[in-house]
Amino acid sequence: MSELNVATPPSTAPAATPPLHRLKTLRWSAIATAAVLLIACVAPFQLVPFHTFQLAMAMIYAVTLLGLNLLVGHTGQISLGHGAFFAIGAYTAAIAMEHWDTPYFATIPIAAVVTFVLGFALGVPALRLRGLYLALVTLAIAIFLVPLLKRFDGLTGGSMGLTVTKPTPPAWTGLAEDQWLYFLALATTVVSFVLVAGMLGSRVGRALHAMRDNEIAAEVLGVNLAHYKTLAFAWSALLAGVAGCVYTWVIAFVSPDSFALTLSITLLAGLVVGGLGTTWGPLLGGLFVMFVPSFAQDVNKAAPGVIFGLLIIAVMYLAPKGLAGLVTQWTQWLGHRVRKGKTHAH
């Protein structure tokens with residue numbers, strides 16, 4: 001008997017759809033993001049100028065931590081000198097405004113380009129280093145930057161630093177100076193988070209995560225380790241430089257002592273406390289870096305560092321995955337309780 005070759009009809013099964021729990025997670029994430037943005041837009045009209053200034057500074061630190069999170073949390077590399085890139089961005093903006101009369105909006109691309117190039121240059125020798133060796137190299141940068149800034153008096157102002165003019169709000173906005181600076185910081189933060197989210201959701205993000213999880217396996221799969229490592233350093237430095245530029249707008253003053261080694265250590269601690277490799281970690285870490293040292297100073301003026309350190313230990317003990325992980329756990333618990341209540345009601 002001859003065999004009958006029957007053609008298989010094309011599949012009419014519907015395309016795969018995301019799991020229900022994933023859709024709910026995305027929905028709640030969108031709601032939370034919209035709520036945070038709404039609160040952020042209303043806040044400067046309800047707060048006194050000093051608190052508005054504090055929130056602007058928290059967002060500036062959040063952008064810096066966003067870059068550090070890209071390098072440490074999503075790529076698996078470590079940096080103990082990220083405060084140096086923050087300082088370079090701040091000084092680039094201050095020098096451009098003070099010596100070259102550059103409009104303040106034009107200082108952002110200048111600071112971004114300078115720090116991107118420097119970050120890329122650091123990423124090249126970092127290809128041969130990892131772990132503690134890489135940490136020591138970045139630490140050395142943070143250590144020698146301060147005396148280097150003090151050496152060039154004519155350009156950087158030396159130990160006295162540079163004082164610049166704060167951006168004035170356009171008349172059509174009707175905003176006070178502190179509110180205008182706040183919204184500049186908010187706009188920078190929103191744009192930075194959107195750009196990084198787009199990057200992490202693309203092929204670049206998948207390559208960075210693969211490299212973080214297992215470099216050998218990532219290379220076998222075709223990931224160019226050298227390219228993505230230098231890219232991560234460059235983008236991380238760029239974000240810190242942009243944050244430093246906005247810092248100069250808000251503070252209107254830069255000095256070497258503002259960017260001491262303790263800044264880099266505090267930034268890394270803030271990221272770990274906020275949540276490594278998480279979406280909300282840099283924002284929570286920025287709030288931690290801004291407000292917790294002030295709180296520690298108020299509690300004990302003689303030894304604020306002790307209080308600050310104890311608070312970090314307490315947070316790490318209560319939330320090993322950072323504040324973002326703790327919020328996620330609470331949200332999941334609350335969602336479970338709500339679903340359980342609905343089930344009992346039926």
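Search the range 101-140 for residues being surrounded by 18 or more Cβ atoms within 10 Å (Cβ to Cβ) and of a type in the set (Phe, Trp, Tyr), and hand back the single one that is modelled with the lowest pLDDT.
The selected residue is TYR104.
Name the pairs whose Cβ atoms lie under 8 Å apart, with the first residue in the range 256-267 and over 11 Å from ALA87 (Cα atoms), the second outside any helix (DSSP H, G or I), and 6 or more positions between them or separate chains?
That search, which allows pairs on different chains as well, returns ILE265/LEU80.
Any idea which residue in the range 276-314 is most open to solvent (accessible area, probe 1.4 Å), counting only those that are under 23 Å from GLY205 (Cα atoms) and free of Cβ contacts under 8 Å to residues at least 60 places away in the same chain?
Here the residue is TRP280.
Yes/no matrix, rows are residues, columns are (1) free of Cβ contacts under 8 Å to residues at least 40 places away in the same chain; (2) surrounded by fewer than 13 Cβ atoms within 10 Å (Cβ to Cβ); (3) more than 22 Å from the chain's Cα centre (by Cα); (4) at negative phi:
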| site | (1), (2), (3), (4) |
| --- | --- |
| ALA142 | no, no, no, yes |
| LEU145 | no, no, no, yes |
| THR165 | no, yes, yes, yes |
| TYR182 | no, no, no, yes |
| THR189 | no, no, no, yes |
| LEU195 | yes, no, no, yes |
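Just to check your reading of the model, which residue among VAL299, VAL273 is at pLDDT 85 or above and either out of contact with any strand residue (DSSP E or B) (no Cβ under 6 Å at 6 or more places or on another chain) or closer than 26 Å to SER79 by Cβ (or both)?
Result: VAL273 is the single residue among VAL299, VAL273 that is at pLDDT 85 or above and either out of contact with any strand residue (DSSP E or B) (no Cβ under 6 Å at 6 or more places or on another chain) or closer than 26 Å to SER79 by Cβ (or both).
So, ILE216, is that one out of contact with any helix residue (DSSP H, G or I) (no Cβ under 6 Å at 6 or more places or on another chain), buried (at least 16 other Cβ atoms within 10 Å of the Cβ) and not small (Gly, Ala, Ser) or not?
No; evaluated as a whole, the condition is false for this residue.
Looking at the range 86-172, what helices (runs of 4 or more DSSP H) fall wholly within it and have at least 2 residues that are under 30 Å from THR75 (Cα atoms)?
The helices (runs of 4 or more DSSP H) meeting that bar are 104-123, 132-151.
Please go through the range 179-213 and give me each residue that is in contact with a helix residue (DSSP H, G or I) (Cβ under 9 Å, 6 or more places away or on another chain) and more than 20 Å from VAL36 (Cα to Cα), ordered by number.
Listed by number, the residues that qualify are MET199, LEU200, VAL204, GLY205, ARG206, ALA207, LEU208, HIS209, ALA210, MET211, ARG212.
The values are calculated or read from the model by the stated rules, or taken from the named source; none is laboratory data. None of the values given here were measured: they were computed from a predicted structure. Backbone-built Cβ (ideal geometry, glycine too); neighbour counts: all protein chains shown. For the accessible areas, the whole protein counts, side chains as well, though only heavy atoms, and no ligand, DNA or RNA atoms are used. Shrake-Rupley method; radii C 1.70, N 1.55, O 1.52, S 1.80 Å.
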